Amino acid sequence: MQNLSILVINGPNLNLLGTREPDIYGHETLADLESMLKKRADELGVNLECFQSNHEGAIVDKIQEVRGKVGFILLNAGAFTHTSVAIRDALSGVEIPFYEIHISNVHSREEFRHHSYLSAIAKGVIVGFGLQGYICALDSAAQYLRSKNS
Ligand code: DQA
C-alpha cells in the first residue's frame, strides 16, 4: 500500500508567526502557512497533517505516534533544533525520513543558531527561503514518496 502521508511539525514560538519578529519571519501566520501547505498537498495528491507545539516532550510523543503511519516529516523544530537530543533520538528511533526547515537563514544569525542536532540525520535541510521553503520541502517529499512507492 502506498504511504503518501506527510506530517508537518512546527516547534516552539512558530504559533506566533505573523506577529513575531516580522522582519525575520514575515507577516504570514501559522494558519496561512498551514492552509497554503494543505492546498499544495491536495494538488499533489498526498495526505497532510499539521502539528505545532511549544513543548519538547509533545513533539517527541508526536514523532513516536506517527511511526508506521506517516512516510515523511517536514520539521521546523525552532529553538529545539539547537538544543534537543531528545527530538533527534525520536527521529532516529522511528526511522521516518525528514527535512529540516528554517524560515530564516540561521547561518547569518547568532552563533548559537549555527549548530543543529538534526541536520546530520536529516534527508535534507532548507534554510532561509521563508515560508516558500515548506512548499519546496513538500514538493520534494511527495516526489520522494511517489518514487519510493512506485
Ligand atoms: C527558526 C530558527 C531558529 O533558530 C529559531 O529558534 C526559530 C525559528 C526558523 O524557522 O528560522 O524559532 O527555526
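The values are calculated or read from the model by the stated rules, or taken from the named source; none is laboratory data. Everything numeric here is computed off the predicted structure, so don't read it as measured data. Note that each Cβ is placed from the backbone with ideal geometry, even for glycine, and that neighbours are counted across all protein chains shown. The area values use the complete protein model at the heavy-atom level, side chains included, leaving out ligands, DNA and RNA. Shrake-Rupley method; radii C 1.70, N 1.55, O 1.52, S 1.80 Å.
Which of the residues spanning segment 6-15 are outside any strand (DSSP E or B) and more than 9 Å from the ligand (Cβ to nearest atom)?
ASN15
Any residue that is within 14 Å of the ligand (Cβ to nearest atom), under 21 Å from GLY18 (Cβ atoms) and at pLDDT 95 or above - is there at least one of those in segment 82-100?
no
Anything in segment 20-32 that is touching a residue at least 12 places away in the same chain (Cβ under 8 Å) and open to solvent by 70 Å² or more (accessible area, probe 1.4 Å)? List them, or say none.
GLU28
Would you point out the residue of segment 101-150, among those that are in contact (Cβ under 8 Å) with a residue 24 or more places away in the chain and of a type in the set (S, T, N, Q), that is farthest from the ligand (Cβ to nearest atom)?
Filtering first and then ranking leaves ASN149.
Please list, ordered by residue number, the strands (runs of 3 or more DSSP E) wholly in segment 33-150 having 1 or more residues that are within 14 Å of the chain's Cα centre (by Cα), surrounded by fewer than 18 Cβ atoms within 10 Å (Cβ to Cβ) and of a type in the set (Val, Ile, Thr). So that I can check it myself, show each step before the final result.
Details: elements: 47-52, 72-76, 98-102, 124-127.
Where strands (runs of 3 or more DSSP E) fall fully within segment 33-150 and carry at least 1 residues being within 14 Å of the chain's Cα centre (by Cα), surrounded by fewer than 18 Cβ atoms within 10 Å (Cβ to Cβ) and of a type in the set (Val, Ile, Thr), they are 124-127.
Name every residue in segment 1-19 that is open to solvent by 10 Å² or more (accessible area, probe 1.4 Å) and either touching a helix residue (DSSP H, G or I) at 6+ places or on another chain (Cβ under 8 Å) or of a type in the set (A, V, I, L, M, F, W, C) (or both), in order of residue number.
Answer for segment 1-19, where residues must be open to solvent by 10 Å² or more (accessible area, probe 1.4 Å) and either touching a helix residue (DSSP H, G or I) at 6+ places or on another chain (Cβ under 8 Å) or of a type in the set (A, V, I, L, M, F, W, C) (or both): MET1, GLN2, ASN3, LEU4, PRO12, ASN13, ASN15, LEU16, GLY18.
Checking ALA77 against (1) within 8 Å of the ligand (Cβ to nearest atom); (2) on the phi > 0 side of the Ramachandran plot; (3) of a type in the set (Gly, Ala, Ser), only one condition comes out false. Which one?
Among (1) within 8 Å of the ligand (Cβ to nearest atom); (2) on the phi > 0 side of the Ramachandran plot; (3) of a type in the set (Gly, Ala, Ser), the lone unmet condition for ALA77 is (2).
Looking at (1) within 16 Å of the ligand (Cβ to nearest atom); (2) touching a Cys at 6+ places or on another chain (Cβ under 9 Å), which is the one condition that is false for PHE51?
The failed condition is (2).
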